[in-house]
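**Student:** Below you'll find the structure I mean.
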Amino acid sequence: MPGTIVQPSVLVGRALPQAYPDGVSPPGPPRADRYSGQYVQSLVPTKHVLADQGSYFIAGMLNGATALQAGISASYSAITYFLALQNTDAPTNPNAKRCYLDFIKFIVSVAGTSGTNLLYNTVLDSNRVPTLSALGTATTGTAYKAPAVNVNMDSGAQPVGQALFPQSTAAGVPPAVSAQSPNARSIVGNGALRNTIVVVNDEFRITFGAADYPYVVIPPATITKAIEPHPPVVIGPGQIFLFSMWSASNATAGNAVSDLQLAWWEM
């Protein structure tokens, strides 16, 4: 109509719905760890975050300690082992922690004169009873409870993991353990640390859950420093991890090690 003012169209603003990274709408509660801390991408690509919260532990030999004897062993035995880590938390504890293995490291200080290689086996089990002796007592066929420390001096947290180190005599047998349970799981059945005779001062490091590792060529009679990758291992409450070593044809003298270290964290 003449003189009629036409109003402009009303603009409707529409906002897109909020985008959720995981495609969940609405989102659930934020993901948190055992200590109710929110998961974030760490800016420090090392284990210092675990150490800072007092969750990282390491067991090692005493200062200036002599070599630990692994005993004579020419084949795998389900009732002997080289070292172990036992989770002493009770399975009935609702706040029980798990132990996450990081690495095992040792240096060969006595090489078995008749052994032709160095093989290993790892087993996870429950209800295994190791034969133990007092710290500093060299008793054939036994192990001792190795002292473990929290690497964070500001933290007083004590580990639930108990490391067991070898302590048999040079001509003896490896530490003993009770028969395996029906729950036993062999993680590595026949691993090789060395495919030739062991050399004194060989250094081995078994790294758990490594994403990658360097390829190392080991000359037969040359001192070597080798890294062995191993699948990740989680030890629940009341469970035990057993690490066994043997050398084929080992009959006259057993292997011995120094600088033995076992590291893990708990959550």
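The values are calculated or read from the model by the stated rules, or taken from the named source; none is laboratory data. Remember, predicted model here, so these are calculated numbers, not experimental data. Note that each Cβ is placed from the backbone with ideal geometry, even for glycine, and that neighbours are counted across all protein chains shown.
**Student:** Do any strands (runs of 3 or more DSSP E) lying entirely in the stretch 20-93 carry at least 3 residues that are closer than 24 Å to W246 by Cα and either at pLDDT 90 or above or of a type in the set (S, T, N, Q) (or both), and which ones are they?
**Tutor:** Per the criteria, 83-87.
**Student:** Just a yes or no: is a residue in the stretch 126-147 more than 20 Å from F208 (Cβ to Cβ) and either of a type in the set (D, E, K, R) or modelled with pLDDT of 90 or more (or both)?
**Tutor:** yes
**Student:** Within the stretch 188-267, considering only strands (runs of 3 or more DSSP E) that don't extend past its boundaries, which have at least 2 residues that are more than 20 Å from the chain's Cα centre (by Cα) and crowded, with 16+ Cβ neighbours inside 10 Å? First the steps, then the outcome.
**Tutor:** On the way: elements: 203-208, 225-230, 239-246, 255-266.
By residue number, 255-266.
**Student:** Also, I was wondering about something else. For the structure I just gave you, tell me whether P166 is of a type outside the set (K, R), at pLDDT below 95 and surrounded by 13 or more Cβ atoms within 10 Å (Cβ to Cβ).
**Tutor:** Judged against the criteria, P166 is a match.
**Student:** Within the stretch 143-163, which residues are surrounded by fewer than 16 Cβ atoms within 10 Å (Cβ to Cβ) and assigned to a strand (DSSP E or B)? If you could, list the steps in order and put the result at the bottom.
**Tutor:** Kept after step one, since they are surrounded by fewer than 16 Cβ atoms within 10 Å (Cβ to Cβ), are these residues of the stretch 143-163: 147, 149, 153-158.
Matches in the stretch 143-163: V149 only.
**Student:** Sticking with this structure for a sec: When you scan the stretch 94-105, do you find a residue that is in a loop (DSSP other than H, G, I, E, B), of a type outside the set (G, A, S) and crowded, with 16+ Cβ neighbours inside 10 Å, even just one?
**Tutor:** The answer is yes; a qualifying residue exists.
**Student:** Among the residues of the stretch 72-82, what is the count of those that are closer than 12 Å to G115 by Cβ and surrounded by 14 or more Cβ atoms within 10 Å (Cβ to Cβ)?
**Tutor:** 3
**Student:** Additional query: Of the residues that sit in the stretch 47-66 and are polar (S, T, N, Q) and under 19 Å from D154 (Cα atoms), which one is surrounded by the most Cβ atoms within 10 Å (Cβ to Cβ)?
**Tutor:** Filtering first and then ranking leaves S55.
**Student:** Same structure again: State whether the residues of the stretch 218-225 include one that is of a type in the set (A, V, I, L, M, F, W, C) and modelled with pLDDT of 85 or more.
**Tutor:** Checked the stretch 218-225: no residue is of a type in the set (A, V, I, L, M, F, W, C) and modelled with pLDDT of 85 or more.
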